Amino acid sequence: MKKLFIIGLGVGHEDFRTKKAADIIRSADKVLSLSRFFKNDPSVEYVDLTGLMQQLNCPRSAATTTAVLVGGDCCFFSITRKLVQEFSNLYEIELINGISSIQYFSAKISVPYDDALLISVHGREERIVSLTAYHRKIFVLTGGKYKAHDLCRILYENGLTDVKIQIGEKLSGSDEKIVTGTPVTLKERTFDDLSVMYIENESARIPSVPIRDDDFIRGHVPMTKEEIRCQSIRKLAIQPKDILYDIGAGTGSMSVEMARCAFEGTVYAIEKNDAALELIEQNRIKHGAFNIIVIKTSAPEYFAELPVPDKAFIGGSSGNIDAIIKALVEMNPKIKIVANVISLQSLNQILNAYSSLGLMETETICVNIAKSKKIGNYDMMTAQNPVYIVTGTRRESCES
């Protein structure tokens, strides 16, 4: 079987390639490069992705050993995965790495990366706000649609103004530059396309730490109580990357809890009351839940402007429950909806709406909570209003 070497050229400068990589490049029958570093080397054939795939798929090629040169770390957000999947039946494949840009930059700024999150936004979905909110240290490969200055602007616009940022551009080159600042000071600058970014958020929150009712700023707006939040969150079965709606968000207590569960996703807190909107924003900042986006509107009026939700929580509907559920199901037929109600009439209305719109997998639980209260020398139990937690989804999309 023919041999295929996939060689990561690392940070760029040849000093950061391994000796084995250099030997293979010199001895291989054919050397193909996707990396800009070999564009002017006559012994190396520079190709785009289409050309690379065509050449590797040519069974009549005389080359018994082929080296493919890729930028960066060939095992980190690289074309390597695709090449191994496509050609492992045609070639014996060996991966050779150099010193990656994250390794190089980590050493340059004296920040170990063994306890950091490593991500790439080059050609991928941008999740920088949610990830920064819940991780103290992040190294980011930037490029394409999301350059370093774009990420600084996004962090700034979402309230993460005080995080520490270091950006390395043109690393290992003669014009290498490392800049330090915050989203406030860096958002107007322009950085090289393929820069490396380090973000440090000393106030990052740990999503698993519980939040008590007294931890929220309350005002005079109704709030979903702690025990009801716990049950409602459990019924939503939130995944880390979910897009979530909190409809009738009130103080934002459910929004904050949902945001912590969807620590790589986004929560849209939908509310029309001005006093409530102010409380949601205050609680968003207090609890570091910067992956909450506050929307002032009466549901379901603004839904068409938002990303399609995976799940939705309905805490208040202002009498629009039928229209809200209909709009949610039209956006995502497989959506899971959890609603809280306290009256039998509202319970009946939601169950009818679920049924008429095909959410045939429904569950209703009634939660009765009593809390102890000190009266003289005695602890007496005081009952709270019963709350119905109503879950609806299509049978085929239910959690097993």
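Nothing in this text is a laboratory measurement; each read-out follows from the coordinates by a stated rule. All figures in this text were calculated on a predicted structure; none of them were measured in a lab. Glycine gets a Cβ as well: all are built from the backbone with ideal geometry, and neighbour counts include every protein chain shown.
Using the count of nearby Cβ atoms within 10 Å as a rough guide to exposure, how do Lys334, Lys170, Lys137 rank from fewest to most?
Lys334, Lys170, Lys137
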*Just flag the GluC sites (Glu not before Pro) in region 176-226 sitting in loop per DSSP whose Cβ has no more than 11 other Cβ atoms within 10 Å.*
Glu188, Glu202
*Taking neighbour Cβ counts within 10 Å as the exposure measure, how do Met381, Met53, Met223 sort from fewest upward?*
Met381, Met53, Met223
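Answer rounded, prolate or oblate for region 252-400, using the Cα gyration tensor with square roots of eigenvalues a ≥ b ≥ c: rounded when a/c is under 1.5, else prolate when a/b is larger than b/c, else oblate.
Judged from the Cα gyration tensor, region 252-400 comes out oblate (a/c at least 1.5, b/c at or above a/b).
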*What residue among Cys230, Cys152, Cys261 has the largest mean-square fluctuation in a Gaussian network model of the chain, using Cα springs under 10 Å?*
Cys230
*Sort the chain into rounded, prolate or oblate with this rule: let a ≥ b ≥ c be the square roots of the eigenvalues of the Cα gyration tensor; rounded if a/c is under 1.5, and if a/c is not under 1.5, prolate when a/b is larger than b/c, oblate otherwise.*
prolate
*asked:* Over region 2-99, what is the relative contact order in percent, taking alpha-carbon pairs closer than 8 angstrom and at least six residues apart?
replied: 52 percent
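By average Cβ neighbour count within 10 Å, what is the ranking of 94-100, 374-380, 304-310 from highest down?
94-100, 304-310, 374-380
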_Explain nothing, just compute: Karplus ³J(HN,Hα) = 6.51 cos²θ - 1.76 cosθ + 1.60, θ = phi - 60°, for every residue of region 215-231 in order, whole Hz, x for Gly and Pro._
7, 9, 6, 9, x, 10, 9, x, 10, 5, 6, 3, 5, 6, 4, 4, 5
*Give me the net charge of Leu351's neighbourhood, meaning all other residues with Cβ under 14 Å from the Cβ of Leu351; Lys, Arg count +1, Asp, Glu -1.*
-3
*Cross-link partners of Lys177 among lysines (Cα-Cα below 26 Å; sequence separation of 8 or more within a chain)*: Lys39, Lys108, Lys137, Lys145, Lys147, Lys164, Lys187
*Counting other Cβ atoms within 10 Å of each Cβ, which GluC sites (Glu not before Pro) in region 125-160 have at most 11 and sit in a DSSP loop?*
Glu125
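Using only the Cα atoms of region 102-200, build the gyration tensor, take square roots of its eigenvalues as a ≥ b ≥ c, and label the shape rounded, prolate or oblate: rounded if a/c is under 1.5, else prolate if a/b is larger than b/c, else oblate. Show your work: numbers first, answer last.
Values: a/c = 1.39, a/b = 1.18, b/c = 1.17.
In terms of gyration-tensor shape, rounded.
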*Reachable aspartates and glutamates from Lys30, Cα under 12 Å, same-chain residues fewer than 8 places away excluded?*
Glu45
*Short version: ³J(HN,Hα) in whole Hz for each residue of region 313-328, in order, from phi by Karplus 6.51 cos²θ - 1.76 cosθ + 1.60 (θ = phi - 60°), x for Gly and Pro, what are they?*
10, 10, x, x, 10, 6, x, 9, 4, 4, 5, 5, 5, 4, 5, 5
*Counting DSSP beta bridges with both partners in the chain, what percentage is antiparallel, nearest 5?*
45 percent
*Please identify every one of the trypsin sites (Lys or Arg not before Pro) in region 39-87 that sits in a loop by DSSP and has no more than 10 other beta carbons within 10 Å of its own beta carbon.*
Lys39, Arg60
_Added length on full extension, which subtracts the Cα-Cα distance from 0.36 nm per residue, Lys272 to Met1_ = 90.9 nm
*What value, in deg cm²/dmol to 500, does the helix sum -39500 (n - 2.57) over DSSP H runs of n ≥ 4 give at 222 nm once divided by the residues of the chain?*
-8000 deg cm²/dmol
*Going 7 Å from the Cα of Asp162 toward and past its Cβ, which residues in region 266-300 have a backbone nitrogen under 16 Å from where you end up?*
282-290
